[in-house]
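Participant: Quick one: structure below, then a few questions.
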Amino acid sequence: MIEKTIDVIIPCYNEEDNIRAVYEETCRVETEILGYSFKYIFINDGSSDGTLDAIRELAAGDKRVKYISFSRNFGKEAAMYAGICNSKGDYAVIMDADLQHPPALIKEMLDTIETTGCDCCAARRVTRRGEQKIRSLGARLFYKLMNRFSEIEIADGVLDYRLMNRNMVRAIRQMPENQRFSKGIFAWVGFDTRWVEFENVKRVRGESKWSLFALIKYAMDGFINFAVSPLKFAGWFGGLAACGSALYLIAEIVKTLIMGRDTPGYASTICLILFFGGLTIAILALIGEYIGRMYMETKGRPVYIEKESNIHEDED
Ligand code: UDP
Ligand code: MG
């Protein structure tokens, strides 16, 4: 029987303590899966610690370990894309380096794909235990808004941790956009996706690279990249506000004609000026955000820049 291959893509940013652990755990899982062999693609996303050395060490001892090292930190989205671009196996799985994505789930995902014939199987957290309250609340709100206002549907708790077949990998590769939001991209390319559920696990070593600010930016990216409705909403709101103020003006004129001029009303005028001034600036800022993104995208810069890699060594 010919063995099928699974590329395990692991984005790493300052994960020196986790590299070996995640590798060993994944190797252990591999021995439990018959008929498949694993290949590892580690992406060193410009780490400032010994991550690259740890990966090099693994690569020296195991020919199946490939890596790409970026010239600086480009972010997890870019790292995942680099992995996808270099995946040649029958399947690819994207997994965090911190063991928060239990490698044992790969087996379950593979079972799901084999039994149902679907294209992709993603992990989904059923609990957000071990996570800050504010963070899970923010995440919930984000998914609610996203599903309501954008043209794609993203299930709450769905992770980047997923196993997908060659077709889906190819489809994602065709989306070279700079401002990437993978959860949106996975949903946008379509394909039959199933879920496996698991309990949230706490990070073993090191700490999360996401600050609250970074998460807000991530949510904004997701929203603006996949929804034009904020612009439509701004348009509607602006239009309604304009109509409302026109009516108010007419009412004021009629009132002055009938009852004569009076000085009070000064406060309400200022209020209205401030309100609409603020509104205009807010809407302009929103439009500016889209234009800024278009500007960045039209530059057509590469998503990431490779500094060192062993992945091209055995290419024919
Ligand atoms: N990561 C990355 N580049 C970054 C930030 C994170 O490659 O700029 C990797 C990180 O090494 C880990 C995964 O992305 O393997 C998830 O990061 P983290 O654990 O910090 O996120 P969280 O689990 O808190 O969402
Ligand atoms: Mg993590």
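Participant: Residue check: is VAL158 within 30 Å of TYR40 (Cα to Cα), of a type in the set (Val, Ile, Thr) and crowded, with 17+ Cβ neighbours inside 10 Å?
Facilitator: Considered against the rule, which asks whether it is within 30 Å of TYR40 (Cα to Cα), of a type in the set (Val, Ile, Thr) and crowded, with 17+ Cβ neighbours inside 10 Å, VAL158 comes out as yes.
Participant: Another one. Got at least one residue in segment 199-212 being modelled with pLDDT of 75 or more, away from ligand 1 (no atom under 16 Å from the Cβ) and among the polar types (S, T, N, Q)?
Facilitator: The answer is no, given that none of the residues of segment 199-212 is modelled with pLDDT of 75 or more, away from ligand 1 (no atom under 16 Å from the Cβ) and among the polar types (S, T, N, Q).
Participant: Just checking: which of the helices (runs of 4 or more DSSP H) contained wholly in segment 16-91 hold 1 or more residues that are open to solvent by 20 Å² or more (accessible area, probe 1.4 Å) and without any contact (Cβ under 8 Å) to a residue 60 or more places away in the chain?
Facilitator: Output list reads 19-32, 51-61.
Participant: In segment 93-113, which residue that is of a type in the set (A, V, I, L, M, F, W, C) and out of contact with any Lys or Arg (no Cβ under 8 Å at 6 or more places or on another chain) is farthest from ligand 1 (Cβ to nearest atom)?
Facilitator: LEU110
Participant: Does SER69 qualify as being within 16 Å of ligand 2 (Cβ to nearest atom) and modelled with pLDDT of 90 or more?
Facilitator: No: the conditions fail for SER69.
Participant: Still on this structure, please answer the following. Within the bounds of segment 197-209, is there any residue that is in contact with a strand residue (DSSP E or B) (Cβ under 8 Å, 6 or more places away or on another chain), part of a strand (DSSP E or B), within 20 Å of PRO103 (Cα to Cα) and away from ligand 2 (no atom under 16 Å from the Cβ)?
Facilitator: Within segment 197-209, one or more residues are in contact with a strand residue (DSSP E or B) (Cβ under 8 Å, 6 or more places away or on another chain), part of a strand (DSSP E or B), within 20 Å of PRO103 (Cα to Cα) and away from ligand 2 (no atom under 16 Å from the Cβ).
Participant: Further question: Quickly run through segment 169-187 and pick out the residues that are open to solvent by 50 Å² or more (accessible area, probe 1.4 Å) and within 18 Å of CYS121 (Cβ to Cβ).
Facilitator: Across segment 169-187, the qualifying residue is only ARG170.
Participant: Right, next: Just for segment 1-15: of the residues that are surrounded by fewer than 16 Cβ atoms within 10 Å (Cβ to Cβ) and in a loop (DSSP other than H, G, I, E, B), which one is farthest from ligand 1 (Cβ to nearest atom)?
Facilitator: Once the filter is applied, the top-ranked residue is MET1.
The values are calculated or read from the model by the stated rules, or taken from the named source; none is laboratory data. This is a predicted model, so every value here is computed, not measured. In this analysis, Cβ positions are derived from the backbone assuming ideal geometry, glycine residues included, and neighbour counts consider all displayed protein chains. All accessible areas refer to the heavy atoms of the entire protein, side chains included, with ligands and DNA or RNA removed. Shrake-Rupley method; radii C 1.70, N 1.55, O 1.52, S 1.80 Å.
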